[in-house]
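The values are calculated or read from the model by the stated rules, or taken from the named source; none is laboratory data. Not measured: the values here are computed from a predicted model. Here Cβ is always computed from backbone atoms with ideal geometry, including for glycine, and neighbour counts include all displayed protein chains. Just so you know, the surface numbers come from the protein's heavy atoms only, side chains and all, with ligands and any DNA or RNA stripped out. Shrake-Rupley method; radii C 1.70, N 1.55, O 1.52, S 1.80 Å.
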Amino acid sequence: MAKLPKPEELLQINYNPPPTEDWMDRPVELKQGNFCWGAKGKNLAAVEFPNARDWTPVEADWKLPKDWEGTVLEAMADRLSKYRSFKVFMDICVRCGACADKCHFFIGGGDPKNMPVLRAELMRSVYRKYFTTAGKYLGKLAGARELDLNVLKEWWYYFYQCTECRRCSVFCPYGIDTAEITLMAREFTNLLGLNTDWISGPVANCYMKGNHLGLEPHAIMNSIEGMIDDIETITGIRINPSFNRKGAEILFVTPSGDLFADPGTFTAMGYMMLFHELGIDYTWSTYASEGGNFGFFTSNEMAKRLNAKIYAEAKRLGVKYIIGGECGHMWRVLNQYMDTWNGPADFMEVPKSPITGTVFDNAASTKMIHVTEFTADLIKNNKIKLDPSRNDDLVITYHDSCNTARGMGLLEEPRYIINSVCNKFHEMPDNTIRERTFCCGSGTGLNASENMEIRMRGGYPRANAVKFVRDKHGVNMLANICAIDRATLSASMDYWVPGVRVTGVHELVANALIMTGEKERETNLRGEPLPGKGGNE
Amino acid sequence: MSLKNILSEKKDELLASWFDRILDTYPVETAKFLKNQKDRFANPVGQAIHKGIGDIFQELLQNGDIEKVSGFLDSIIRVRAVQEFSASQAVAFIFFLKSVIRDGLADISLTPELYDELATLESQIDSLALIAFDIFMQCREKLYDIKANEMKNMTYRLLQRANMVTEIKDAEKETNFIAIHKKEVNS
Ligand code: SF4
Ligand code: SF4
């Protein structure tokens, strides 16, 4: 008969072992709440990904192709020769540990294999075995190990617990970017048909229909039509955006999340109200209807294929340049990869604001600017009328999304806009914002529901800083410029910091924007009474 | 001297020992980090536990106000409810306090009065554990709510936007809807 344990004994839980122990030998255990469902065969087949079949991560048999080890090692050799950064990152880590406690998944969850250094070590150990002399001959003594099924499962488990946020890289004296190692791991696992349903579904949709949700043109137009109705109810102004219009000056591309889920829809209403007030010559596209790129969470090649439609559509419509909406990873892709993948976009012109005449030389090559760059420039040049007091019921803080902050240095524009359209703004503590911002905890396609536990753990460091400003300054609104943030921070706030809601920056802009010919506004974009208009104040 | 006074005097030592025992429920490397990183933003888990147990201890010795103590428990349990602990593992740390206190009193000869006080305190700690369990359940239910809401919010809005669900509209909106509908037919 088993004896009842003491509380202390109950707590001897079987965590994964720390790096000082023999972590290599322990088999990985996939725990519910930490991983997403496996990809469906039909979605993999739609984009011609290898080994398309339904698979279930918890089942012992992953239905891998023959000689999968050979496939991975061959791909590894190829990427090592192609990408110098990958090779360098495999070689130069001195295990100083500076990155170890900088990952939100480690900080919030405590699993040592979520320390960036150890996450990378999962792959480095295999690299050493097959690509270094010491590893080949000394094996474990040189920190090397063979690639086997357990290692593969461990890769899959932990490289899909990394949001590629790059926070760790900020603290590494050598600039080693674990996100790049995760990118490689995801490439390799995709060669074996190992992806998640939450990522591969949107990828297939985007490839077939132009956006992650698979919205067809009429659904997109319907969605926008609904927003136009709401705008009319609130402002008395009927706006008429155009779709797929040839000869427009500007193509506008935003993540499809802005079209279907609150609070993103309010941000989309914000863009349209601003563009209407300015009278700029722009068009939506129902084909390039996705700014986001879940392909980026599978492989370089897939990301490139999905991205191609943006330039293709710009060319077809004959626009002069592109404005992109508020999104995070979308901007990492546009800013750092689009030009080399699918450029040069020399059929377009260097973006120039039709209102202020400002030329955006920073986008001289990509021909695509971020909507906050565009709007900050308008405000700087005094081109729009604003009544910040309409946002006076909001006490705001700003979350830097990893990709716009660390990936492209977009730090000042959103803050400048928020401070122009709102009266009450408070920053979170320094070590949680700007380059050192904490991830929302659900990026890179981890924003499914079945992995809610790890999302909440990973989101805790960010939420904890929000809680601090809520308690100290009464913050009740968390602004950001990322569609994934808008969705996932809502969940995170709900759990960790009730009372704080989430908004895009252009929702705040549109609330404050005084439009020509508007009726006296009674409500904000969410249909809630404006400050002083509630009748109960 | 009353038991509470004795415990107050030994507070730092007792809390340090309670903290260490809780950290022992994490892997060695993690425990080191949770203990040594004192910045509350760089180490929210360690600091939440550290502050939480201090507050619980204080409240236990003073008024034992249920509302207050629930708030303090929440700050720790909310974290453990999403870490890789079972329900019993998530709340068992409360019971550690009993052995921490017993060990802390090892060098004191307990009078019958002190024993009585200790018995009362220990049963209060048992109550804490029951409250903790309720909080754990609330956190888990919240998680399921969030999952359900995410799905609902996404699909519902989408269907609504695609005019695939009929809502009961208020009178004004109804007219709007008809007006748009007419326009579609006419255009
Ligand atoms: S990139 Fe972000 S999620 Fe990935 S290991 Fe580094 S800090 Fe963690
Ligand atoms: S900070 Fe850089 S060098 Fe140091 S352990 Fe991390 S990756 Fe290696």
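Side notes on the structure shown:
- Flagged links, alpha-carbon separation over 27 Å, of B:LYS68/B:LYS152; A:LYS42/A:LYS309; A:LYS304/B:LYS152: B:LYS68/B:LYS152; A:LYS304/B:LYS152
- For the residues of B:44-50, the average number of beta carbons from a partner chain within 10 Å of their own beta carbon is 4.
- Comparing each chain alone with all protein chains together (probe 1.4 Å, DNA, RNA and ligands left out), the residues of the range B:18-32 losing at least 20 Å² of accessible area are B:THR25, B:PRO27, B:VAL28, B:GLU29, B:THR30.
- Cβ crowding within 10 Å averaged over residues, with A:350-357, A:483-490 ranked highest first: A:483-490, A:350-357
- The protein assembly as shown: antiparallel DSSP beta bridges as a percent of all, rounded to 5: 15
- Cross-link pairs A:LYS82/A:LYS315; A:LYS87/A:LYS129; B:LYS35/B:LYS147; A:LYS82/A:LYS102 - those with Cα-Cα distance over 22 Å: A:LYS82/A:LYS315; B:LYS35/B:LYS147; A:LYS82/A:LYS102
- Rounded, prolate or oblate (a/c below 1.5 giving rounded, otherwise prolate when a/b exceeds b/c) for the protein assembly as shown by Cα gyration tensor: oblate
- Counted over the range A:203-512, the DSSP beta bridges are approximately 5% antiparallel.
- Ranked by the mean number of other Cβ atoms within 10 Å of their residues, highest first, the peptides A:133-139, B:22-28, A:111-117 come out as A:111-117, B:22-28, A:133-139.
- Chain A against chain B buries an accessible area of about 4800 Å², both chains summed, 1.4 Å probe radius.
- Reach of A:LYS209 by Cα under 18 Å, taken over aspartates and glutamates that are not fewer than 8 positions away in the same chain: A:GLU48, A:ASP197, A:ASP258, A:GLU290, A:GLU313
- Theoretical FRET efficiency, 1/(1+(r/R0)^6), r = Cβ-Cβ of A:ASP281 and A:GLU216, R0 25 Å, to 0.05: 0.45
- Percent accessible area from carbon and sulfur atoms, the protein assembly as shown, protein chains only, probe 1.4 Å: 52
- Per-peptide packing, taken as the mean over residues of other Cβ atoms within 10 Å, places B:117-128, B:32-43 in the sequence B:32-43, B:117-128 from highest down.
- Remark: mean inter-chain Cβ contacts per residue of A:461-471 equal 2, using a 10 Å Cβ-Cβ cutoff to other protein chain atoms.
- Summed residue charge, Cβ within 9 Å of A:LYS136's Cβ, Lys/Arg positive, Asp/Glu negative: +2
- Partners for A:LYS383 among lysines (Cα-Cα distance below 26 Å; same-chain residues under 8 apart left out): A:LYS320, A:LYS352, A:LYS367, A:LYS424, A:LYS519
- Candidates per GluC sites (Glu not before Pro) in the range A:20-94, loop by DSSP, up to 11 other Cβ within 10 Å: A:GLU48, A:GLU59
- For the protein assembly as shown, the solvent-accessible area works out to 40 Å² per residue, with a probe of 1.4 Å and every protein chain left in place.
- Other protein chain Cβ atoms within 10 Å, averaged over every residue that makes up B:142-148: 5
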